[in-house]
Structures are given as C-alpha cells and as structure tokens.
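All remarks here apply to the structure that follows.
The values are calculated or read from the model by the stated rules, or taken from the named source; none is laboratory data. Being a predicted model, the structure only gives us computed values, none of them experimental. Because the Cβ atoms are built from the backbone with ideal geometry, glycine has one as well, and the counts that use them run over all protein chains shown.
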Amino acid sequence: MSKFGDLKEKSIKELEDIAKQVRQKILDTVSKNGGHLSSTLGATDVIVAMHAVFDAKKNPFIFDVSHQAYAHKLVTDRWNTFDTLRQFGGLSGYTKPKESENDYYMAGHSSTSISLAVGAAKAINLKGEENERIPVAMIGDGSMSAGMVYEAMNELGDRKYPAIIILNDNEMSIASPIGALSRILSQSMASPFYQKFKAKTKEMLESLPQGATYLAKRFEESFHLITPGILFEELGLEYIGPIDGHNIASLKETFILAKKMKRPVIIHVQTTKGKGYELAEGVGKEHWHGVGAFDVTTGKSEKKSALKASTTIFSEMMVELADKDEKVVGVTAAMPSGTGMSAVMEKYPKRFWDVAIAEQHAVTSMGSLAKEGFKPFCALYSTFLQRGYDQVIHDICLMNLGVAFAIDRAGIVGEDGETHQGVFDISYLRAIPNMTIFAPSSDTTMKLAMEFAKDFPTPCAFRYPRGAFFSQDADATPYELGKSHTIQEGSDVLLIGYGNGVGRAIQTDQLLDIEPTILDLRFVKPLDRERLIALSKTHKKWFVFSDSAKIGGVGSAILECLSEEKIQDVQVKTFEYEDKFITHGNTKLVEESLNILPEQLAKRINKALVR
C-alpha cells in the first residue's frame, strides 16, 4: 500500500510535494546505505508523473538498468522498508518482481527496456488487452549507445504496437545543438493541436498527385530536420519532446496525450542529474552516480579502507605499461572511472577509448587493433563481459588474436546483488579454444600478471576483485604460462587458491588445526598439470578456494585433470559458489550466508579431516 495513496487522484501541487518528500527520503537513505544517487534524484519527477497517469500493477513499468527507480519503490509499497535499501535481506537497489507486484521485471544491465517493452506489447496484443494496458519504459540517454536499443526500436516502429518509451536525457543532451527553436517546436509537438495538424497533413499528402506528394513530403522532412526527433520518426516512432523533466504538469499532460495515441511514442524528457541536492546537481559529477555512505551536509564520504583497491593497482600499472610501450592500447565500455581506465585515457587519449555502453563493439574493435600489431587491454566488469561473449569467441579467439581481457569486479560485489555478481567469467571463458585464463592474488602479483598479459601473443583474461585483495603477499615470482606457485609447504592436506581465493586460503589456514600446503594455482587454463600430478602422490585431500561459480569453475577444471590422468585416490572439495544467483548486501554478510568466511571454512575443513 502506497504511503501517498493513488497518485492519479492528486493535484499538481500535491504531486510536486510528494516528489520533494521522495527526494528527501532518497537522500537520507542513500547517505546512510550508499547506492545510486544522481540518476534517481533526476528521475523522481518523471516517475511521480508516470504514476499519476498509469497504473503500475496493470501497465508494465520497465526501467532500463533500474538504478533510477528508487522513487518508483517509494510511491508504491516500500516507503516503510526503504531504509533497508541494498542491505542484506532488505530491498534491492534495482527493480525486483519478488519484492513487489509493482515491479514488472528484474533489471541491472542497460539497454534492455525497449526490447522488454516490445515483448510486453506483443503479449498485450495477443491477449486483446490493448485498450486496457500499455507498456511504459524509461531509458536513459547513456543506454541509447547500445545496439540492442535500435534493434528493438526498429521492430517496434515497423509493427506499430502501442508503447510509450520515455527517453530520460540527463547528460548527453540530445537536443543541445538545436537550441531554442527546437525547444519551442518540440513543446508545440506535445500539444493536441500539433498531433491533429500532423494527422490532417498526412491525410492531405495521401490525397495529392504523386509529384505533389513527393514535394510535400520533402517539405515535411525538412521541417523535422530542425527537431531532435528525426531519428525516431525515421524508425517509425512518434516523437514528442524535449519536455522539461521537472515540470510535473507538463509531464502529466504529455503522458495522457501519448496514452491516447495508441501508437509507439518516444517522449524525450530532459532532467538534471542530482536534482534537489545541490552538491550532486548537473553534469561532470560522475562520482555522485553511485556512492557509499556520506555526510549530507558536506558531501564527504565515510573513511575507506587504507588498503589499495585492485582497480587502483590496475590503473597505475596500465599507465606504466603505456609509458613503456606505445603499442599498448585499451578500451572500456562506459566505465572509465570504475575500471580504472580514466587515468591512462587522460594521458593517452588517442590510444585508450571509452566506447559507451557497447561491450560487443568494444571487444570486436580491439580484435582489429591486435591484428594490426597493437596490444589491446579490454577492461570490463565480469558481469558486463557477459554481454560481449559471442564477440570474445567469434572475433577474438577464433582468430587467436592477442587481446587481454582485464576482468574487474570478479567475485561477490556486495550491494549491487544478483545482476552484478562477477561469478561466471571462469565458467564461460574456460570453454573457449585459444583462451588463456589466469589471476593475480595480491598487489604485487597483479603487476606481474599484467606484465605477462602485455607480452602474451594470443587471447588471455585475468580477473581481480572489487576492493583490495585478501592477500598482501609480496611474492615477486614472474608469471610463467601454466605454472603455479607454492606459498607454503606443509602436511598432506592441500589448499589450492585461485585469484582472491589465495588470500581466503591463507586466512583459513591460520584457523586450522594443521599446517597444510598452500598452492597459488595462478592459471586455470592451462593448469599446471605437472605440479598437480606430483602433489596427488603426497597430498590426498585437496580444498579449492576461488570466488567463482562451482559449475565449470576451478574445482571442475582440477577434477577434469585428475580424471584424465586416471588419478582416483585424491578427494577434492571446492568452496566455490553453488548453482544459484547470489543476493545483495554487505559482502561479509553475503559470504557468511554462503558459509565461506575463513572461520566457517576452517570448521568445514577440520570436520572433513576428522571424518
């Protein structure tokens, strides 16, 4: 039940007051819990207006990425539980149907909303419910850089299913080159008069002789050239905008009009990121997009760990490699700051690129650079590399090209939850021929791994966690293809760590009743088969530590090796993630729920050894 009741019954003044209350609630909660701030503050008025016209339980509300949907949660049924946002066991930071019947779809990755709207429109058509329901999708201008959006618009414009697409323009300012004339024309387009005039004009054109029709059509097209809607019109979609995304009266009027049109409509709204919180307002303030806890008055973040994040190590080393070798180039997809590529992009803007939300393009474009003799680093989050999987296979590995994939946010990422956990990269990359896969386990080995990747001639991928490595081991042994590294010689029990799992193994070792041998596997493809075979003769109980999915993961690779070598007397237990999506929340609480904290693992191992 909504705290505010039915927004369709509220006056404009009441809706404006509700928007202010919602913004304040978002600010208070995000300052304590962290989360997405500037985008959701900017979208608040639009979302309030959406609920003032449409019923979310009946009409599919589809939020692209859905990180901007906090206001949607607050005006539906989650005001009283909103203080649990992104906390373990609490509300998700994204839309989630299991959380509320007002959430149509689960989201977390970008550029999916229009495809979902097309699918919903088809279902509504098949059910004969077009007079009662219409999909309403909100998509940010940044998400418009992905090709999937245009595939969806192309079909929607062709089939003409009724659907409303709200383009939330909060940064790129699609209309900015057009100026005041465009705004005047576009505001006029939102009026019933303009829509009637356009319909009458179309009827008139169809009744004219062929030659006159052509001339009139050219005149109409030239008129549209001075508006920002020509692209959408050419795709067969009606275009209204740009509309002031903070004028609730105008928004409501426009949504009512679009609802009556019974056609696919793009409504272009212009909003200000961070609206209502002066410190975060406007463009050029990327750090306010996603934030940790902070002081509302000063805007200063709470103190962070003194340990250096693996992304920072990557950033510094990327600059160092680029300084030494002009053939080193790189790409990221809309995450220059998040992946640590921003520093090297600033220093070498002609060699390092942000291609926007286009992972497929990012991967394939690096293939050509590798073919031309350059050394590309493709820096993507684990969860986003999934979107370029076909390109990794078809455009990189099939050609056996030397692209290095730097996989950030590998393992549990905490509060972002199911859609962002970086758990599948080992499983989905290990199956690809020509792909070499390895992982650093500390700051020092991160640098060594990158040096190895820089000189490696064929496709390779290395993964590293969000935040700092568990291990601060300063081992400086260079990486050698398919070779592991022994950290500790001990009893006949073997702890095998991979990547950040090495640090977890070391922490667990300190709580055991025995002193085991600890192996930093380093490479999961190819495995150090020679070393594993030798260890199988002296160590009969193996425990595997890796922040990755169990199916197709590190333990699976080791078991395959033992099976192929016909080694049957070694017991292997892997502590990788079970076959289910991992919830959101504080990382330590999530790990505790998965029974993989060092103290929990030590108990499991001690119990297994006694048995």
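Quick look at the numbers
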item	result
Any hit, the stretch 546-558, residues being of a type in the set (D, E, K, R), modelled with pLDDT of 95 or more and under 18 Å from Ser310 (Cβ atoms)	yes
Residues of the stretch 315-358 classified as in contact with a strand residue (DSSP E or B) (Cβ under 6 Å, 6 or more places away or on another chain), part of a helix (DSSP H, G or I) and under 23 Å from Asn500 (Cβ atoms), total	1
Cβ-Cβ under 6 Å pairs, at least 6 apart or on other chains, the stretch 518-545 side closer than 29 Å to Leu594 by Cβ, far side crowded, with 16+ Cβ neighbours inside 10 Å and among the basic types (Lys, Arg)	Lys525/Arg430; Asp528/Lys483; Phe545/Arg504
Qualifying positions in the stretch 382-413 - assigned to a helix (DSSP H, G or I) and either farther than 18 Å from Met148 by Cβ or acidic (Asp, Glu) (or both)	Ser382, Asp390, Ile393, Asp395, Ile396, Cys397
Residue in the stretch 262-272 that is more than 15 Å from Val46 (Cα to Cα), outside any loop (DSSP other than H, G, I, E, B) and either in contact with a helix residue (DSSP H, G or I) (Cβ under 9 Å, 6 or more places away or on another chain) or of a type in the set (A, V, I, L, M, F, W, C) (or both) present	yes
From the options Gly282, Gly330, Gly340, residue that is within 30 Å of Ala362 (Cα to Cα), in the same structural domain as Gln21 (by TED's automatic domain parsing) and not charged (D, E, K, R)	Gly282
In the stretch 561-591, residue farthest from Glu418 (Cα to Cα) [restricted to those that are assigned to a helix (DSSP H, G or I) and of a type outside the set (Val, Ile, Thr)]	Glu564
Total residues in the stretch 578-601, condition surrounded by 12 or more Cβ atoms within 10 Å (Cβ to Cβ) and touching an Asp or Glu at 6+ places or on another chain (Cβ under 8 Å)	8
Test result for Phe575, in contact with a strand residue (DSSP E or B) (Cβ under 6 Å, 6 or more places away or on another chain) and not β-branched (Val, Ile, Thr)	yes
Test: residue in the stretch 72-80 that is under 22 Å from the mean Cα position of the chain (by Cα) and either without any contact (Cβ under 8 Å) to a residue 40 or more places away in the chain or at negative phi (or both)	yes
Residues being touching a Gly at 6+ places or on another chain (Cβ under 8 Å), assigned to a loop (DSSP other than H, G, I, E, B) and within 20 Å of Ala468 (Cα to Cα) - total across the stretch 500-521	2
Residue in the stretch 336-343 that is surrounded by fewer than 16 Cβ atoms within 10 Å (Cβ to Cβ) and in contact (Cβ under 8 Å) with a residue 12 or more places away in the chain present	no
Residue satisfying condition, being at pLDDT below 95, crowded, with 19+ Cβ neighbours inside 10 Å and either touching a Ser or Thr at 6+ places or on another chain (Cβ under 9 Å) or among the small types (Gly, Ala, Ser) (or both), within set Leu74, Leu37	Leu37
Selection count, the stretch 500-531, where residues are of a type in the set (S, T, N, Q) and out of contact with any Ser or Thr (no Cβ under 8 Å at 6 or more places or on another chain)	3
Residue check for Glu480: outside the structural domain of Gly35 (by TED's automatic domain parsing) and within 28 Å of Pro376 (Cα to Cα)	yes
Residue list for the stretch 125-149, filter: more than 12 Å from Asp64 (Cβ to Cβ) and free of Cβ contacts under 8 Å to residues at least 40 places away in the same chain	Asn125, Leu126, Lys127, Gly128, Glu129, Asn131
All positions within the stretch 362-381 that are outside any strand (DSSP E or B) and either modelled with pLDDT under 95 or touching a helix residue (DSSP H, G or I) at 6+ places or on another chain (Cβ under 7 Å) (or both)	Ala362, Val363, Thr364, Gly367
Positions within the stretch 476-490 being assigned to a loop (DSSP other than H, G, I, E, B) and without any contact (Cβ under 8 Å) to a residue 40 or more places away in the chain, in sequence order	Ala476, Thr477, Pro478, Glu480, Glu489, Gly490
Pair list, Cβ < 7 Å and 6+ apart or interchain, from the stretch 592-603 residues that are more than 14 Å from Asn500 (Cβ to Cβ) to residues that are among the hydroxyl-bearing types (Ser, Thr, Tyr) and surrounded by 17 or more Cβ atoms within 10 Å (Cβ to Cβ)	Leu594/Tyr577; Ala602/Thr508
Condition met for Ala534 (surrounded by fewer than 20 Cβ atoms within 10 Å (Cβ to Cβ), over 30 Å from Asn33 (Cα atoms) and among the small types (Gly, Ala, Ser))	yes
Some residue of the stretch 406-426 being polar (S, T, N, Q) and more than 19 Å from the chain's Cα centre (by Cα)	no
Qualifying positions in the stretch 227-255 - assigned to a loop (DSSP other than H, G, I, E, B) and among the aliphatic types (A, V, I, L, M)	Leu235, Leu237
Single residue of Ala293, Ala280 found to be touching a Ser or Thr at 6+ places or on another chain (Cβ under 6 Å), closer than 16 Å to Ser38 by Cα and of a type in the set (Gly, Ala, Ser)	Ala280
Unique residue being without any contact (Cβ under 8 Å) to a residue 24 or more places away in the chain, of a type in the set (Asp, Glu) and either more than 20 Å from Gly417 (Cβ to Cβ) or outside any helix (DSSP H, G or I) (or both) when the list is Asp17, Asp45, Asp28	Asp17
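The rows are residues; the columns are (1) of a type in the set (Ser, Thr, Tyr); (2) not assigned by TED's automatic domain parsing to the domain that holds Lys57.
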{"site": "Arg86", "(1), (2)": "no, no"}
{"site": "Asn102", "(1), (2)": "no, no"}
{"site": "Tyr105", "(1), (2)": "yes, no"}
{"site": "Ala121", "(1), (2)": "no, yes"}
{"site": "Lys127", "(1), (2)": "no, yes"}
{"site": "Glu130", "(1), (2)": "no, yes"}
{"site": "Arg133", "(1), (2)": "no, yes"}
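Residues are listed down the side, and each one gets a yes or a no for (1) farther than 22 Å from His67 by Cβ; (2) buried (at least 16 other Cβ atoms within 10 Å of the Cβ); (3) within 25 Å of the chain's Cα centre (by Cα); (4) not small (Gly, Ala, Ser):
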position	(1), (2), (3), (4)
Asn247	yes, yes, no, yes
Lys260	yes, no, no, yes
Thr272	no, yes, yes, yes
Lys275	no, yes, yes, yes
Glu281	no, yes, yes, yes
